[in-house]
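The values are calculated or read from the model by the stated rules, or taken from the named source; none is laboratory data. Here the structure is a predicted model, which means the values were calculated and not measured. Glycine gets a Cβ as well: all are built from the backbone with ideal geometry, and neighbour counts include every protein chain shown. Side chains included, ligands, DNA and RNA excluded: accessible areas come from the protein's heavy atoms. Shrake-Rupley method; radii C 1.70, N 1.55, O 1.52, S 1.80 Å.
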Amino acid sequence: MTWTASTCTTPIAQGAHAFTVYQHGLVKRTTAAGEFVRSGTFAVGGYDWAVRYYPNGDSAAEAACRQPSLVLELMTADAVASAVYELKAVDQVTGERLVLREDKTAAFDTRNGQFSCSGVQFVETRAFLAGDFLSIECIVTIFGEPRVSKTNKMPQPPPPPPAAAETSDVS
């Protein structure tokens, strides 16, 4: 009997960006609802990204939307991307990170000339604004298209795949 084999792998790119808003009180007082401050652009997975911070909410129309919000924006023009991302605020007193948006997949599409983003509203606390600045962390993961190798002849059946590494939760 003749054996053949092929493999499938998915490329993964991950990057992190820290965005600090200094003089937060001044930024909040001088930025209207629906207006934002944008981080510098950062690249992950062949795409350009930025974090938008809406200090007074992302909508002037609805009072419910006037909570501060953070948004991940795809900056690459004429692109379609799927990303898993996480947004965190840094407690200025303890250094702990509060997850504002957990790893969830979001679809982005800038082909229509519009901005494409996904985000979260959050409650600002004194711990996150101590020293009059706000520190945000954004972790972006991009999964590429699965790649299948060419088929190769094998003299015998392929070996079983390696066992998945087991993790234990020690409390």
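Overview of results
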{"quantity": "Mean ellipticity per residue at 222 nm, deg cm²/dmol - from DSSP H runs of n ≥ 4 across the chain, formula -39500 (n - 2.57)", "calculated": "-1500 deg cm²/dmol"}
{"quantity": "ILE139-TRP3 FRET efficiency (beta carbon distance; Förster radius 45 Å; 0.05 resolution)", "calculated": "0.65"}
{"quantity": "Contact order relative to length of the chain, as percent, for alpha carbon pairs under 8 angstrom and 6 or more apart", "calculated": "32"}
{"quantity": "Accessible-area ranking of PHE133, PHE128, largest first, probe 1.4 Å", "calculated": "PHE133, PHE128"}
{"quantity": "Normalised convex hull volume, the chain, alpha-carbon set, Å³ per residue", "calculated": "169"}
{"quantity": "Computed magnitude of the charge dipole of the chain (debye, nearest 20; Cβ of K, R +1, Cβ of D, E -1)", "calculated": "320"}
{"quantity": "Accessible-area value, ARG101, 1.4 Å probe, nucleic acids and ligands omitted, Å²", "calculated": "30"}
{"quantity": "Reachable lysines, given that their alpha-carbon falls under 16 Å from the alpha-carbon of LYS88 and they are not under 8 places away in the same chain", "calculated": "LYS104"}
{"quantity": "Local electrostatic count at THR4 - Lys and Arg +1, Asp and Glu -1, tallied over other residues with Cβ under 12 Å", "calculated": "+2"}
{"quantity": "Length gained when the stretch VAL37-ALA77 is fully extended (0.36 nm per residue, less Cα-Cα span)", "calculated": "12.4 nm"}
{"quantity": "Accessible-area ranking of LYS104, LYS88, largest first, probe 1.4 Å", "calculated": "LYS104, LYS88"}
{"quantity": "FRET E, pair ALA163, VAL84, Förster distance 22 Å, beta-carbon r, rounded to 0.05", "calculated": "0.30"}
{"quantity": "Sites ASN152 and LEU26, calculated FRET efficiency, Cβ-Cβ separation with R0 45 Å, nearest 0.05", "calculated": "0.10"}
